[in-house]
Structures are given as structure tokens and as C-alpha cells.
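Asks: Structure incoming, see below.
The values are calculated or read from the model by the stated rules, or taken from the named source; none is laboratory data. Keep in mind it's a predicted model, so treat the numbers as computed, not measured. Cβ placement follows ideal geometry from the backbone for every residue including glycine, while neighbour counts extend to all protein chains displayed. The accessibility values were calculated without ligands, DNA or RNA, using every heavy atom of the protein model including side chains. Shrake-Rupley method; radii C 1.70, N 1.55, O 1.52, S 1.80 Å.
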Amino acid sequence: MSMRDAVAAFVHDGDTVCLEGFTHLIPTAAGHEIIRQRRRDLTVVRMTADIVVDQMLAGGCVTRLVSSFVGNSSAGSLGELRRRIERADPEPLEFEEYSHHGMVCRYQAGAQRLPFLPLRSYAGSDLPGVNPALRKVTSPYPGPDGEPEQIYVVPPVNPDVTFIHAQRADRLGNTQIWGLTGVQAEAVYAAKRAVVVVEEIVDDEVIRADPNRTVVPAHAVDAVVHCPRGAHPSFAQGYYDRDNAFYRSWSHISKDAERLRAWLDEWVYGTRDHAEYAAKLADHFRDHLAVGEALSGQVDYGRRL
């Protein structure tokens, strides 16, 4: 499907939408298309709420955020998000906060259709004081000291749709990722629908020749979108580098609400699709974000004689 068609088919006002990718392979193009189609009242689930979330907030798409980190990826701040949380400007944002591990456990519980998942890492944390969804249950097994144990649990998350970005897939949706893999597989399995956005669509034989790199299999995928450079300003291992200059500039852009909306007018609303967005950056990709070849070793799977 095209990105336009995928968003039109799978994202509706009021939905819970997951955009997952941990530093690497962030589905930015999907977020931009959601902004273009002016979706409203979304709950966005993303472990590391960063620039794409800031942009979706400025586009008026998001009323609730579920995350374990907010920030401009070690390069500064998120102006729109801060205005919403600190001053309710232009309106308040409902924010449900977890730890990274807590979010991983939520995806795992959602993927396995479990009622909750236990974890120890909230002991001594202040997060249970601000998030009532973090609760304790009595373990049916003795604790390390042999006594009954109270242990924290997190609820599952089951988005209406998950978008992930990846390096390649075949037309059936068998999706391969290398480099930082994050929790893309868990986020896909947790969702009711899943859209995989890829740098390239390859023949079945390419996927079958390297099966262990298939992180998401076809049966879990509802649509495949071919969208080269769709993770910018994050990176796609082997395709293009992280745009650190853009990350640094975003703090200045987003600090000023008018400047941020002017950026959206030019780069999101002012482009028909991500191909047009990427075309405006073609020289930048070539001169600053191009990567050299670094081939992985070959593996002999063997075949029956």
C-alpha cells in the first residue's frame, strides 16, 4: 500500500497508535502522513517520545501519550511537548509514564494477550506515585527469602495499529531488520493491525536466503509500505546515517510555536508525501548522511544432498 492509503485504512480518530523504533528506524514518515490526514484525539504509544511525537502534537493529532522517555535524543528538548505538559498550551496533554523496561513488559504482555506482566524494577521508584496503573500483586511463589512476595505488574498494551520502519521486506510482509532492533516485533504482535514501512521491497529469495534476520513474519503484517528514507532524521543501518544536525536544530525550531508551525507548513503539509519531503533533502542525504559499505559475514545454512 501507499503510506496515504495505509494511514487512511488503519488510523482513525480516537485510535491508539504505536510508532516504535528505538533510536534506529523511527517511523517518521508514518507520523507525517498521520499529520497530513489531520487525525485527531489519538493516544500515541512510543517508548522514546521524541521529534516525531513533538511534530504530531503540534499537528493537533495527540491527546494522550504513553511513553518511558521524552526528549530530543540527547540533542535538546521538545518545545511543543513541554508547552503542553508544563503550561497546558494550547491544551493539556495526558501523559502516562513508565520505565523503558516497564514499556517492554507492556508490549510483551500485549503480544502474548496476558492480563499483566511482573517486574522488579519499580521497587524504590517514584513512578508508582504518579502512575496508578503500576500495581502490586502477591506472587503465587515464595520470594527469595521464602516468604510471600508483593511484586509490581504492568498492564498489557494493545494498540489499534502499530507502525514500524525496517530495512526490507518481501511483498508478503516478511520483514528483516538489522542493527538496533528495539521492540518492533513485540509492538507488532501486541497490535490489532500492523503496518511495516521499509526502505526497499525485495524478492522472496532474498528473505529466504537470510531467514534469521526476519524479525517480523508475514502473518503478523497487514500492510507493507515502500518508503525510502522514511526514518529521517533517525537512521537506517546500512542505508543512511543519523541526521545529528537536524536533531540539534529541532530544539530551536520547536521552542518557538510559530516557527514550529511554519516548519510543519513547509515540510509536512507542504509536501504531498514522504517522497517529496525526501526530494527536498536529496543533496543533504548525499553529502552528509550517505554511508559506506560494511558487509556482514556469510553463513552457510547447508542443504540436503
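Asks: Which of the lysines could a cross-linker span from Lys192 if the Cα-Cα distance has to be under 28 Å and same-chain partners fewer than 8 positions apart are dropped?
Replies: The qualifying lysines are Lys136.
Asks: In terms of modelled amide H atoms, which long-range or inter-chain residues lie less than 5 Å from the amide H of Glu149?
Replies: Result for Glu149 returns Ser139, Gly143.
Asks: State, as an integer percentage, the relative contact order of the chain based on alpha-carbon contacts under 8 Å between residues 6 or more apart.
Replies: Across the chain, relative contact order equals 21 percent.
Asks: What's the local net charge at Ala8, with K and R +1, D and E -1, over the other residues with C-beta under 15 Å away?
Replies: Local net charge: 0.
Asks: Using the Karplus equation 6.51 cos²θ - 1.76 cosθ + 1.60 (θ = phi - 60°), what ³J(HN,Hα) coupling, rounded to whole Hz, does each residue of region 277-285 give in order, writing x for Gly and Pro?
Replies: 4, 5, 5, 5, 10, 4, 5, 5, 4
Asks: Here is a further query. Note the full-extension length gain between Thr271 and Ser249 as 0.36 nm times their separation in residues minus their Cα-Cα distance, in nm to one decimal.
Replies: Computed gain between Thr271 and Ser249 is 5.9 nm.
Asks: Do the sum for the chain: with -39,500 (n - 2.57) for every DSSP H run of n ≥ 4, divided by all residues, what is the mean residue ellipticity at 222 nm, to the nearest 500 deg cm²/dmol?
Replies: The per-residue figure over the chain is -8000 deg cm²/dmol.
Asks: Be a star and scan region 163-191 for residues whose amide nitrogen sits under 12 Å from the point 7 Å along the Cα-to-Cβ vector of Glu293.
Replies: none
Asks: Here's something else I'd like to know. Ignoring ligands, DNA and RNA, what accessible area per residue does the chain give at 1.4 Å, in Å²?
Replies: Averaged over the residues of the chain, the accessible area is 48 Å².
Asks: Moving on. Apply the Karplus parameterisation 6.51 cos²θ - 1.76 cosθ + 1.60, with θ equal to phi minus 60°, to every residue of region 289-305 and state each ³J(HN,Hα) to the nearest whole Hz, in sequence, with x for glycine and proline.
Replies: The phi angles translate into 10, 5, 10, x, 7, 8, 6, 7, x, 8, 10, 9, 6, x, 9, 5, 7 Hz.
Asks: In whole percent, how big is the carbon plus sulfur part of the accessible area of the chain, probe 1.4 Å, protein atoms only?
Replies: The computed percentage sits at 49.
Asks: Now for a separate question. Loop only by DSSP, 16 or fewer other Cβ within 10 Å of the Cβ. Give me the trypsin sites (Lys or Arg not before Pro) in region 160-196 that pass, ordered by residue number.
Replies: Arg171, Lys192
Asks: Could you give the length gained on full extension between Arg40 and Asp145, defined as 0.36 nm per residue of separation minus the Cα-Cα distance, in nm?
Replies: Stretched fully, the Arg40-Asp145 segment lengthens by 32.8 nm.
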